[in-house]
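The values are calculated or read from the model by the stated rules, or taken from the named source; none is laboratory data. What you see is a predicted model; the values in this text were computed from it and never measured. We place every Cβ from the backbone using ideal geometry, glycine too, and count neighbours over all the protein chains shown.
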There are 2 protein chains.
Amino acid sequence: MEDNKVSDIPKFVEFREEGPREGFQAEKRIYSVEEKVSLIEALSETGLRRIQIGSFVSAQRVPNMANTPEVARSIRRRPGIRYTALWLNKKGFEDAAATKGVDLSGMMALYTTDAFCKRNNNCTVDEMRERQLEWLAVYDAHHLPFEVAGITTAFGCNFAGEVPVESVLASVRFVADICQAQHRPLPIIYLADTVGWANPEEVKRRVGAVRELVPQARIGLHLHDTRGLGPANFYAALQMGVDCFDSSVAGLGGCPFAAHANLNAAGNICTEDMVFMCHEMGIETGLDLEKLIEAARLAEQIVGRTLNGHLMHSGSLRSFRC
Amino acid sequence: MEDNKVSDIPKFVEFREEGPREGFQAEKRIYSVEEKVSLIEALSETGLRRIQIGSFVSAQRVPNMANTPEVARSIRRRPGIRYTALWLNKKGFEDAAATKGVDLSGMMALYTTDAFCKRNNNCTVDEMRERQLEWLAVYDAHHLPFEVAGITTAFGCNFAGEVPVESVLASVRFVADICQAQHRPLPIIYLADTVGWANPEEVKRRVGAVRELVPQARIGLHLHDTRGLGPANFYAALQMGVDCFDSSVAGLGGCPFAAHANLNAAGNICTEDMVFMCHEMGIETGLDLEKLIEAARLAEQIVGRTLNGHLMHSGSLRSFRC
């Protein structure tokens, strides 16, 4: 905890765009293929290399994701961009694998509390871990490398309350042990603040603890801005050298299953606002900020109400500089 | 810059509430005395010790401030709270001094760019400094201590662009020299990010530079969340030991004279969200978070549209903890 010097801030930060999935899944109105594709194609112009276009989940639970296959097939693909998707079970994965236009990744979903895991997967944390071994076999069969291990509610849980650091480390240890036993390279370890419990000091503490356990692993963060600390948590992570973040254009998003007080609760950290922070501090992102702002304004137009992003309303500083 | 360790974070942070002034000054609808008083009285229940209730300025330029005298007279005053106000010229100060219910402070307004200073005061930075000497005489005549020196556009200016650190330090040096020459204690030095140019590393750099120049001075920050970096800037300042912040309940505010792109541009950093950050990190504030959330919801009800605060929409973590 003593080594959070300015020099730990990375020189390049990667943003993985989640807006097209996070942004629409919680909305009541059904968004058309054309609307989603227009946003995804606007995002494709910004320099993003990875855009999550939707999820393969129950159309009854998440009606807005039902057209994900058609969205995937309709995108004019740009070379160098991975158009990713999410799934929660084998059926979802098979649907994703059968859909042209979806770039698959080997992903593990790990949990820190039985309460949240049961709600999302109808099984305990330990049972969920066992299932991940089956997933690795599925990925191997599809020649997909094991790229991401995501730890849900890594900072706190609305059903179980505080989440001990040790519960996060237990998930990391599970991943590290499997990788060692099966001679696999470590995936990126993603800590997710699924329901907005993180604060900046806790980000530092937990990232530090994970890094101590697996110094060779890349760490990523999936941050929600539920309680207004998202940008501070992002900055705290930068200070710890974290260089990979999920984010949503215009701050789109929010989790429909996470028992938020209401739908006004903010979504993911906002892509263009965080990119602006990086650029202002001299950190490269490979992204075109003005084009991101355009995409954010398009998102707001599609959703039809004021979204949480700031820069899309205030504009960047470009016009004020000589 | 090497010493931003966790241990520099203060144990207690003071919030100076600006919502009742910042929140209404930019709005088109005129808010009644009753509406303003109800918000100020709700804020008075939260533990805040200093609440800015309005400003004594041209009713033509800022129609929403015309009822400030009546607001001041109508508040049920609670002991221990200072109900402060703002003024830009002698006429404004005299009006404030003549109004029962306004707690006066000796304040200096300093600028970093001629362009912004001319726009606000029709004079240059140097002329504005000269005027401050007259202000000190006015304060002395009213037996008011010189409490606050505020440096406007301390991070950047929409009319002049980048603001060199040296322009900020020149203002600080001016204050320090006067205080030394006139045997006055140093006031709190406030750096204002008037138009949303600050980023966290720049906050650290500028606070560090001011502290180096006047190690004995208390430093305060007036931060706007114009471009979504407010919470990160706040956290950066905490890491530098800053323990005094202006903020607005519900994130009310925005500066009508600052050439923002539109009125959606966010206002000050949000009181209750930043108080939440402090409490989550173990920093005391003397404030009742739940009562602040209630006041924020009242503010939203009065303004009549969704405001920028997050916690007022998501709720705190209290109900999720055992």
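Scan the range A:165-195 for residues that are within 14 Å of chain B (Cβ to nearest Cβ) and at pLDDT 95 or above and report the count. Spell out how you get there, then give the answer.
So the first thing to find is which residues in the range A:165-195 are within 14 Å of chain B (Cβ to nearest Cβ), and the list is A:193-195.
Among the residues that remain, those that are also at pLDDT 95 or above are: A:193.
Residues meeting the conditions: 1.
In this structure, is residue B:162 over 20 Å from the mean Cα position of the chain (by Cα) and without any contact (Cβ under 8 Å) to a residue 60 or more places away in the chain?
yes
How about the range A:35-92: which of its residues are of a type in the set (S, T, N, Q), touching a strand residue (DSSP E or B) at 6+ places or on another chain (Cβ under 9 Å) and in a helix (DSSP H, G or I)?
Scanning the range A:35-92 gives A:44, A:64, A:68.
Can you find a residue that is at pLDDT below 95, surrounded by fewer than 19 Cβ atoms within 10 Å (Cβ to Cβ) and under 20 Å from residue A:143 (Cα atoms) anywhere in the range A:67-87?
No: zero hits.
Quick check on my filter: what residues within the range B:99-142 are in a loop (DSSP other than H, G, I, E, B), of a type in the set (S, T, N, Q) and in contact with a Leu (Cβ under 8 Å, 6 or more places away or on another chain)?
B:105
Scan the range A:202-215 and give yes if some residue there is more than 13 Å from chain B (Cβ to nearest Cβ), in contact with a Leu (Cβ under 7 Å, 6 or more places away or on another chain) and not aliphatic (A, V, I, L, M), otherwise no.
For the range A:202-215, residues more than 13 Å from chain B (Cβ to nearest Cβ), in contact with a Leu (Cβ under 7 Å, 6 or more places away or on another chain) and not aliphatic (A, V, I, L, M): present.
Sort out which residues of the range A:105-139 are among the hydrophobic types (A, V, I, L, M, F, W, C) and crowded, with 19+ Cβ neighbours inside 10 Å, and write them in order of number.
Those that are among the hydrophobic types (A, V, I, L, M, F, W, C) and crowded, with 19+ Cβ neighbours inside 10 Å: A:107, A:108, A:109, A:110, A:116, A:117, A:125, A:128.
So which residues in the range A:231-274 are at pLDDT 95 or above and under 25 Å from residue A:119 (Cα atoms)?
Of everything in the range A:231-274, those that are at pLDDT 95 or above and under 25 Å from residue A:119 (Cα atoms) turn out to be A:246, A:247, A:248, A:269.
Consider residue A:172 carefully, then state whether it is more than 29 Å from residue B:318 (Cβ to Cβ) and either free of Cβ contacts under 8 Å to residues at least 12 places away in the same chain or in a helix (DSSP H, G or I) (or both).
yes
Considering only the range A:21-45, how many residues are modelled with pLDDT of 95 or more and crowded, with 24+ Cβ neighbours inside 10 Å?
4
When the range A:289-306 is examined, which residues are found to be surrounded by fewer than 24 Cβ atoms within 10 Å (Cβ to Cβ) and in contact with a helix residue (DSSP H, G or I) (Cβ under 8 Å, 6 or more places away or on another chain)?
A:289, A:290, A:291, A:294, A:297, A:298, A:300, A:302, A:303, A:306
So if I check each of A:96, A:149, which one is surrounded by 16 or more Cβ atoms within 10 Å (Cβ to Cβ) and outside any helix (DSSP H, G or I)?
One residue alone meets the criteria, A:149.
Name the single residue that is surrounded by the fewest Cβ atoms within 10 Å (Cβ to Cβ) among those in the range A:205-257 being small (Gly, Ala, Ser) and outside any helix (DSSP H, G or I).
Among those that are small (Gly, Ala, Ser) and outside any helix (DSSP H, G or I), it is A:241.
Among the residues of the range A:228-246, is there at least one that is within 8 Å of chain B (Cβ to nearest Cβ) and either over 23 Å from residue B:239 (Cβ atoms) or of a type in the set (Asp, Glu) (or both)?
No - not one qualifying residue is present in the range A:228-246.
Looking at the range B:176-187, can you tell me whether even one residue there is among the basic types (Lys, Arg), touching a Phe, Trp or Tyr at 6+ places or on another chain (Cβ under 9 Å) and in contact (Cβ under 8 Å) with a residue 12 or more places away in the chain?
Within the range B:176-187, one or more residues are among the basic types (Lys, Arg), touching a Phe, Trp or Tyr at 6+ places or on another chain (Cβ under 9 Å) and in contact (Cβ under 8 Å) with a residue 12 or more places away in the chain.
Filter the range B:264-288 down to the residues that are surrounded by fewer than 20 Cβ atoms within 10 Å (Cβ to Cβ) and hydrophobic (A, V, I, L, M, F, W, C), then identify the one that is farthest from the other protein chains (Cβ to nearest Cβ).
Here the residue is B:283.
Go through the range A:12-34 and give me each residue that's farther than 20 Å from residue A:59 by Cβ and in a helix (DSSP H, G or I).
Within the range A:12-34, just A:19 meets the criteria.
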